[in-house]
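As structure tokens, the structure follows; a few thoughts come after it.
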Amino acid sequence: MPAEQAVPLPDEADFEIGAALGVPALTAHRALTVAEDGTRRLQPGALDGKVVLAAGGAGAVGHAVIQLARWAGATVISTISSPAIARLATAAGSHHVINYRDGDPAT
Ligand SMILES: NC(=O)c1ccc[n+]([C@@H]2O[C@H](COP(=O)([O-])OP(=O)(O)OC[C@H]3O[C@@H](n4cnc5c(N)ncnc54)[C@H](OP(=O)(O)O)[C@@H]3O)[C@@H](O)[C@H]2O)c1
């Protein structure tokens, strides 16, 4: 990438964390801070009282959505497609999981 788009990692963050933060976590952060009536800054308590749906809770972006939303105080619901993926989403912090292959998750 162009050098001006690179950012230095803090001393306590290794390259594995840097790679994971890269685009997926920034995308998750954006998704959680774009709502008109929502917060622009995530921190503990920033999403208290909110319910967040993480579509694809075991995917790169969805997993980061779960972690950030839970940390910020939201109740988190994730869509998943199997028991193994449900375990990943739950381990990341999802309070509830919905198997999207069982029907329309919206209902
Ligand atoms: N990764 C990035 O940096 C990035 C940046 C900007 C935008 N995006 C966009 O964000 C979305 C997710 O990207 P990703 O990188 O997180 O992809 P990913 O790691 O491949 O994850 C995709 C997730 O979508 C789930 N999924 C597939 N079909 C579904 C369906 N019909 N209903 C509900 N969930 C379904 C999968 O769940 P199962 O495994 O359970 O089927 C999987 O967890 C994509 O649209 C991508 O273009 C990604």
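The values are calculated or read from the model by the stated rules, or taken from the named source; none is laboratory data. Only a predicted model underlies this, so the values are computations on that prediction, with no experimental measurement involved. All Cβ positions, glycine included, derive from the backbone under ideal geometry; neighbour counts span all protein chains shown.
Some points to look at:
- Residues located in the range 68-87, provided they are within 13 Å of the ligand (Cβ to nearest atom), out of contact with any strand residue (DSSP E or B) (no Cβ under 8 Å at 6 or more places or on another chain) and of a type outside the set (Gly, Ala, Ser): 83, 85, 87
- Checking residue 4 against (1) surrounded by fewer than 10 Cβ atoms within 10 Å (Cβ to Cβ); (2) within 15 Å of the chain's Cα centre (by Cα), the condition it does not meet: (2)
- Count - residues of the range 14-23 that are within 25 Å of residue 52 (Cβ to Cβ) and modelled with pLDDT of 90 or more: 0
- Pairing residues of the range 1-30 that are closer than 15 Å to residue 64 by Cβ with residues that are at pLDDT 90 or above and outside any helix (DSSP H, G or I), at Cβ distances under 9 Å and at least 6 apart in sequence or on separate chains, gives 17/9; 18/9; 21/9; 21/13; 24/59; 28/54; 29/42.
- All positions within the range 7-54 that are more than 24 Å from residue 106 (Cα to Cα), within 16 Å of the ligand (Cβ to nearest atom) and among the small types (Gly, Ala, Ser): 18, 19, 20, 22, 25
Rundown of residues vs (1) crowded, with 19+ Cβ neighbours inside 10 Å; (2) in contact with a Leu (Cβ under 7 Å, 6 or more places away or on another chain), yes/no style:
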{"residue": "30", "(1), (2)": "no, no"}
{"residue": "36", "(1), (2)": "no, no"}
{"residue": "65", "(1), (2)": "yes, yes"}
{"residue": "77", "(1), (2)": "yes, yes"}
{"residue": "81", "(1), (2)": "no, no"}
{"residue": "88", "(1), (2)": "yes, no"}
{"residue": "105", "(1), (2)": "no, no"}
